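J.: Here it is: the structure, laid out below.
The values are calculated or read from the model by the stated rules, or taken from the named source; none is laboratory data. Since this is a predicted model, take the numbers as computed values, not measurements. With ideal geometry, Cβ positions are generated from the backbone for all residues, glycine too; neighbour counts draw on all protein chains shown.
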Amino acid sequence: MLLVFISASLRLKLKILPRSLPFSLSVELPSPNPILRSKWVSFSSSTNASPHVQDPQHFIGIFCNARLHQNHYECELALVSALKYCSSSSQGRQLHSLVLKLGLHSNTFIQNSLINMYAKRGSIKDAQLLFDACPTLNPISCNIMVCGYAKAGQLDNARKLFDIMPDKGCVSYTTMIMGLVQNECFREALEVFKDMRSDGVVPNDLTLVNVIYACSHFGEILNCRMIHAIAIKLFVEGLVLVSTNLMRAYCLCSGVGEARRLFDRMPEVNLVSWNVMLNGYAKAGLVDMARELFERVPDKDVISWGTMIDGYILMNRLHEALVMYRAMLRSGLALNEILVVNLVSACGRLNAIGDGWQLHGMVVKKGFDCYNFIQTTIIHFYAACGMMDLACLQFEVGAKDHLESWNALVSGFIKNRMVDQARKIFDDMPERDVFSWSTMISGYAQTDQSRIALELFHKMVASGIKPNEVTMVSVFSAIATLGTLKEGRWAHEYICNESIPLNDNLRAALIDMYAKCGSINSALQFFNQIRDKTFSVSPWNAIICGLASHGHASMCLDVFSDMQRYNIKPNPITFIGVLSACCHAGLVEPGRRIFRIMKSAYNVEPDIKHYGCMVDLLGRAGLLEEAEEMIRSMPMKADIVIWGTLLAACRTHGDVNIGERAAESLAGLAPSHGGGKVLLSNIYADAGRWEDVSLVRRAIQNQRMERMPGCSGVIR
């Protein structure tokens, strides 16, 4: 039987349609049978259904046959199934026209199916027109619309409808939570879940899976434990979907041990579960434990192998990563270009030239070099290894219309401090994006060509390319080097006006700029504004080092104490700033205490710069014997800076004996270091040992030592 549909171009304005059509069906459809309906829904939802069963025309045929035999249940259910499998809104509108023609638009089941069809196909306005035409709100249509709004990114509309809908149950709450999670509104999703629990609505496994995913983004293991407890109470912990997502959340929240205990208790484990546990170990740096688990995985797929390879790469164990990669190929799995990219990148990072060459050869043999992103990776590899001639050769044989390859070549020249060559490539580029400009500006800023960096930044703005956070970090670095506070304030105002998002690196660059331009008050004011929004240690380091350089030792120590309240873990740079502040203010005991707790409380191993700060602190305080003893007990060999610091302290405090030993050690490291001889000569002169002064100065003249003169400049 041939069925002619009304044209798809017809836009139905449902608000102005009459409640009934001028004709009626010969037989009115009675209330649908729920048992028969559930069988139909089960059949039409089956993922194993053959392709022709998922064709709307198949169900239209059933509909026509049912109408012929007065089977009203099948008529209704066939229409619903046809709407479910519509491939486009246009096809759905044809069915909608049929529904209106037959007078079935007032049937709630069919009406909800129409709303669902429009919402799923992205025609949210059409779905809303149908929904608004409903005489009363019902939970099913409300759930469909909430889901449709969320899918379209209209969260405000979804939340408004959710708040007023009647009889909210598990499906309603789950739909709202899923919509928020899909739009990365994780905190709001958890708030809805709390409301759900307060209203006494029992969540299901799908609810918990979405809540678990939201919890994993906050890194708080306590939240994972709370959701885990709810899963146990609801007897859904044993479901593989719930347990696997819980494992993933534990791993992301630094709870790998708890993830493993859950994994070992799971009654059913699938390949995804194995891979999640593997990934948890690998990302935590526990690659040996990952390897032990990997050997037990029954049917390893490319994700299992890739996780192990990435784990070795993360720990810079490139040889084992390559061995694992070869074993994967021998197992019969197909070559994976993503793994090739990771391995080649690792070769560049670890300067493994030979391995990188072999991988490059394999890429060419397999024909992967036709992929632009592979070409870009190889250019990065050669540039990272300092072989810019081969990077240029790879660029020449590749596609010239690929912007990322141009950017990779510019970046390579910059990393090798070949700024002029980078600028030549930059000027020849057929087009430039924000990465191109940012890389070039960064190159000038890193090579102390700050004025050129700022000139290029202004050209970038004039060309219509909007800078991003990376660009502005380099701009503030250049301004800090020049010390031009006026330019710095303008740049700060610019990022506010252009709504450039502030990440922690940009916040740190702003604080550093104000401090180096002499306005520590502005730096402190800005830090206080963003303190609660920071996630990393960078902004804290910037303000600590800035306060230290301006001599505000007590404020510097206060900020260091505040880090504990904000759960910010200090790093080596933090301790350099704090020890420098103690050094400038002569705070010996606080300095000693902070140096002691570096390793014991924060697991930060002191390096030569930290020892240098302590030697300077003790030397300024006149504790020269203690300073010398610290140098002798250092786990690394003292450099000329540390011996020079002790020698300068000996001159200040007039200690000839320690000064002679420091000068001797300094001469052993740098025989032509004239500054050390001059200091020793001054120490002798202060002690009235003029014969020794004469001997030292004669040695300076005979060895033709030179001391670099100091210089100063004026910032305009």
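J.: Could you tell me how many of the residues in segment 496-527 are in a helix (DSSP H, G or I) and over 24 Å from F435 (Cα atoms)?
T.: Of segment 496-527, the ones in a helix (DSSP H, G or I) are 496-497, 504-516, 520-527.
With the extra rule that they be over 24 Å from F435 (Cα atoms), the set shrinks to 514-516, 520-527.
The number of residues fulfilling the criteria is 11.
J.: Residues of segment 231-242 being surrounded by 20 or more Cβ atoms within 10 Å (Cβ to Cβ) and within 17 Å of A214 (Cβ to Cβ), which ones?
T.: A231, V242
J.: While we're here: Consider segment 324-347. How many of its residues are closer than 15 Å to S304 by Cα and among the β-branched types (V, I, T)?
T.: Number of matching residues: 1.
J.: If you don't mind, there's one more thing I want to ask. Is segment 275-294 home to any residue that is more than 27 Å from G219 (Cα to Cα) and out of contact with any helix residue (DSSP H, G or I) (no Cβ under 8 Å at 6 or more places or on another chain)? Show your work before the answer.
T.: Initial filter on segment 275-294 (more than 27 Å from G219 (Cα to Cα)): none.
There is no residue in segment 275-294 that is more than 27 Å from G219 (Cα to Cα) and out of contact with any helix residue (DSSP H, G or I) (no Cβ under 8 Å at 6 or more places or on another chain).
J.: Find the helices (runs of 4 or more DSSP H) located wholly in segment 381-430 whose residues include 3 or more that are under 22 Å from W357 (Cβ atoms), and list them. Can you show your working first?
T.: Details: elements: 388-397, 403-415, 419-428.
Hits in segment 381-430: 388-397, 403-415.
J.: When you scan segment 354-380, how many residues do you find that are in a helix (DSSP H, G or I), touching a residue at least 12 places away in the same chain (Cβ under 8 Å) and within 18 Å of A334 (Cα to Cα)? Spell out how you get there, then give the answer.
T.: Here is the first cut: in segment 354-380, the residues in a helix (DSSP H, G or I) are 354-366, 368-370, 372-380.
Checking which are touching a residue at least 12 places away in the same chain (Cβ under 8 Å) leaves us with 355-356, 359-360, 362-363, 366, 368-369, 372-380.
So of that shortlist, the ones also within 18 Å of A334 (Cα to Cα) come out as 359-360, 362-363, 366, 368-369, 374.
Looking only at that region, the number is 8.
J.: A further question follows. Find the residue count for segment 401-427, including only residues that are free of Cβ contacts under 8 Å to residues at least 24 places away in the same chain and either touching a helix residue (DSSP H, G or I) at 6+ places or on another chain (Cβ under 8 Å) or aromatic (F, W, Y) (or both).
T.: Within segment 401-427, the subset free of Cβ contacts under 8 Å to residues at least 24 places away in the same chain is 420, 422-427.
Of the ones still in play, those that are also either touching a helix residue (DSSP H, G or I) at 6+ places or on another chain (Cβ under 8 Å) or aromatic (F, W, Y) (or both) are 422-423, 425-426.
The number of residues fulfilling the criteria is 4.
J.: Taking the conditions exactly as written (surrounded by fewer than 20 Cβ atoms within 10 Å (Cβ to Cβ), in contact with a Leu (Cβ under 6 Å, 6 or more places away or on another chain) and in contact (Cβ under 8 Å) with a residue 24 or more places away in the chain), does E469 satisfy them or not? I'd like the intermediate steps shown before the answer.
T.: Numbers: surrounded by fewer than 20 Cβ atoms within 10 Å (Cβ to Cβ): yes; in contact with a Leu (Cβ under 6 Å, 6 or more places away or on another chain): yes; in contact (Cβ under 8 Å) with a residue 24 or more places away in the chain: yes.
So E469 fits the description; yes.
J.: Can you find, within segment 233-274, the residue that is nearest to G219 (Cα to Cα) among those that are part of a loop (DSSP other than H, G, I, E, B) and charged (D, E, K, R)?
T.: Here is the first cut: in segment 233-274, the ones part of a loop (DSSP other than H, G, I, E, B) are 234-239, 253-255, 266-270.
Pick out the ones that are also charged (D, E, K, R) and you get 237, 268.
Working: E237: 21, E268: 27 Å.
In this case the residue turns out to be E237.
J.: Okay, moving on. So which helices (runs of 4 or more DSSP H) stay within segment 596-677 end to end and still have 1 or more residues that are buried (at least 18 other Cβ atoms within 10 Å of the Cβ) and among the acidic types (D, E)? Lay out the reasoning, then the answer.
T.: Details: elements: 608-620, 624-633, 640-653, 656-669.
Output list reads 608-620, 624-633.
J.: For the list (1) surrounded by 15 or more Cβ atoms within 10 Å (Cβ to Cβ); (2) in a loop (DSSP other than H, G, I, E, B), I need the number of the one condition that V341 fails.
T.: (2)
J.: Right, here's the next one. Being in a loop (DSSP other than H, G, I, E, B) and over 15 Å from N279 (Cβ atoms), is that true of even one residue in segment 315-326? Break it down into steps so the answer makes sense when it comes.
T.: Residues of segment 315-326 in a loop (DSSP other than H, G, I, E, B): 315-317.
Applying the additional criterion that residues be over 15 Å from N279 (Cβ atoms) yields 316-317.
For segment 315-326, residues in a loop (DSSP other than H, G, I, E, B) and over 15 Å from N279 (Cβ atoms): present.
J.: Go through segment 344-368 and count every residue that is within 24 Å of I414 (Cβ to Cβ) and out of contact with any Cys (no Cβ under 7 Å at 6 or more places or on another chain).
T.: 9
J.: Something else: Within segment 209-226, does at least one residue satisfy the condition of being assigned to a helix (DSSP H, G or I) and within 20 Å of D167 (Cα to Cα)? It would help to see each step written out before you state the result.
T.: Taking segment 209-226 first, the residues assigned to a helix (DSSP H, G or I) are 209-215, 221-226.
Remaining after also requiring within 20 Å of D167 (Cα to Cα): none.
Checking segment 209-226: not a single residue is assigned to a helix (DSSP H, G or I) and within 20 Å of D167 (Cα to Cα).
J.: Still on this structure, I have one more. How many residues does segment 564-595 hold that are assigned to a helix (DSSP H, G or I) and more than 27 Å from K533 (Cα to Cα)?
T.: 11
J.: Those residues that are within 22 Å of the chain's Cα centre (by Cα) and of a type outside the set (A, V, I, L, M, F, W, C), I need them from segment 289-345; list them, please.
T.: Once the filter is applied, which keeps residues that are within 22 Å of the chain's Cα centre (by Cα) and of a type outside the set (A, V, I, L, M, F, W, C), segment 289-345 yields G306, T307, D310, G311, Y312, N316, N342, S345.
J.: Right, next: Quick one: which residue in E487, E493 is out of contact with any Lys or Arg (no Cβ under 8 Å at 6 or more places or on another chain), without any contact (Cβ under 8 Å) to a residue 12 or more places away in the chain, charged (D, E, K, R) and part of a helix (DSSP H, G or I)? Even if it seems obvious, please write down each step before you answer.
T.: On the way: E487 fails: without any contact (Cβ under 8 Å) to a residue 12 or more places away in the chain.
Going through E487, E493 in turn, the sole match is E493.
J.: On to the next question. If only one of P166, P135, P203 is in a loop (DSSP other than H, G, I, E, B), modelled with pLDDT under 90 and within 30 Å of L234 (Cα to Cα), which one is it?
T.: Values: P135 fails: within 30 Å of L234 (Cα to Cα); P203 fails: modelled with pLDDT under 90.
On inspection, the qualifying residue turns out to be P166.
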